[in-house]
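*Asks:* Please read through the structure below; I'll follow up with questions.
The values are calculated or read from the model by the stated rules, or taken from the named source; none is laboratory data. The model shown is predicted, which means the values in this text are computed figures rather than measured ones. All Cβ positions, even for glycine, are placed from backbone atoms using ideal geometry, and neighbour counts span all protein chains on display.
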Amino acid sequence: MVVNLAAPSYPPAVAATDSPAITAELTETEQRNLRAVADVLPFWNRHDLDGVLSFYADEINWHNVALEETYKGKTEVRAYLSTLLVAFPDLTFGVSHRIARGDNVAEQWRLQGTHGGEFMGIPPTGRPVDIPGMSMVELREGKFVRDEFYFDSGIVLRQMGLMPPLAAIRTAPGRALLWVAVNRLPALAAATGLAVLAGVVRSRRRASRRA
């Protein structure tokens, strides 16, 4: 079932079929799950972590695909959310579409805010960000038990000014820069690493002689 959030009510669910004309009414479970994922949103936008976590089961498992991290249990999820709110102190979270099927709800969302704290290891830049993403949520008894969420970290880096816009990369100078990055920087990095290693070895030898 696809929900366009501009609509005031939930339309029928689209059945798993090759024919888009065949639909199925929402089950009670699907209606309950849609209410849960909608009702948690105001707590996100009030930065009320206790309120957000009240919708999660104790065994909640969050998989942050972009950062290759998994947060298990409410304590780890709270820690990540706290970091997120420090990184974006004026964070707002909006959802444009939801799809319900059985125990699962998929969401298309946007996270917006100002980069005012460390995020992905990046110190604050003061730049506004608008991060589109998607989540696949599994619920049980109206509680979140699993959430796998996806966003493009490249978009984040470009908005923070740490990567050039895609349009610039497609220009002749941009392609030349990419060629250097692909063909020269790995060799330079390897050479630098060997030089550092050699320096460490020499230092240890000198220390051993003095001893």
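*Asks:* So, restricting to strands (runs of 3 or more DSSP E) that lie completely within segment 42-109, which ones have at least 1 residues that are outside the structural domain of residue 130 (by TED's automatic domain parsing) and of a type in the set (S, T, N, Q)?
*Replies:* On the way: elements: 56-64, 69-72, 92-101.
In segment 42-109, no matching strands (runs of 3 or more DSSP E) lie anywhere.
*Asks:* Filter segment 110-132 down to the residues that are in a loop (DSSP other than H, G, I, E, B) and within 12 Å of the chain's Cα centre (by Cα) and list them by number. First the steps, then the outcome.
*Replies:* Our first condition is that a residue be in a loop (DSSP other than H, G, I, E, B); within segment 110-132, this holds for 115-118, 120-121, 123-127.
Across segment 110-132, the qualifying residue is only 120.
*Asks:* Is it the case that residue 158 is on the phi < 0 side of the Ramachandran plot, among the charged types (D, E, K, R) and in contact with a Gly (Cβ under 9 Å, 6 or more places away or on another chain)?
*Replies:* On the way: on the phi < 0 side of the Ramachandran plot: yes; among the charged types (D, E, K, R): yes; in contact with a Gly (Cβ under 9 Å, 6 or more places away or on another chain): no.
It is false that residue 158 is on the phi < 0 side of the Ramachandran plot, among the charged types (D, E, K, R) and in contact with a Gly (Cβ under 9 Å, 6 or more places away or on another chain).
*Asks:* Taking the condition in contact with a Phe, Trp or Tyr (Cβ under 8 Å, 6 or more places away or on another chain) and surrounded by fewer than 16 Cβ atoms within 10 Å (Cβ to Cβ), does residue 165 pass?
*Replies:* Values: in contact with a Phe, Trp or Tyr (Cβ under 8 Å, 6 or more places away or on another chain): no; surrounded by fewer than 16 Cβ atoms within 10 Å (Cβ to Cβ): yes.
No, not satisfied.
*Asks:* Answer yes if at least one residue in segment 130-144 is in contact with an Asp or Glu (Cβ under 9 Å, 6 or more places away or on another chain), among the acidic types (Asp, Glu) and at pLDDT 95 or above, and no otherwise.
*Replies:* yes
*Asks:* Is there a residue in segment 16-26 that is at pLDDT 85 or above, closer than 20 Å to residue 97 by Cα and crowded, with 16+ Cβ neighbours inside 10 Å? Working first, answer last.
*Replies:* Pass one, segment 16-26, residues at pLDDT 85 or above: 25-26.
Next, from what is left, pick out any that are closer than 20 Å to residue 97 by Cα: 25-26.
Remaining after also requiring crowded, with 16+ Cβ neighbours inside 10 Å: 26.
Yes, that holds for at least one residue.
*Asks:* Here is a further query. Take the residues in segment 133-149 that are under 13 Å from residue 108 (Cα atoms) and small (Gly, Ala, Ser), then tell me which one is farthest from the chain's Cα centre (by Cα).
*Replies:* 135
A quick yes/no check of all residues on (1) more than 28 Å from residue 157 (Cα to Cα); (2) among the acidic types (Asp, Glu); (3) touching a residue at least 12 places away in the same chain (Cβ under 8 Å):
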{"residue": "31", "(1), (2), (3)": "yes, no, yes"}
{"residue": "34", "(1), (2), (3)": "yes, no, yes"}
{"residue": "55", "(1), (2), (3)": "yes, no, yes"}
{"residue": "69", "(1), (2), (3)": "no, yes, no"}
{"residue": "87", "(1), (2), (3)": "no, no, yes"}
{"residue": "108", "(1), (2), (3)": "no, no, yes"}
{"residue": "119", "(1), (2), (3)": "no, no, yes"}
{"residue": "122", "(1), (2), (3)": "no, no, yes"}
{"residue": "130", "(1), (2), (3)": "no, yes, yes"}
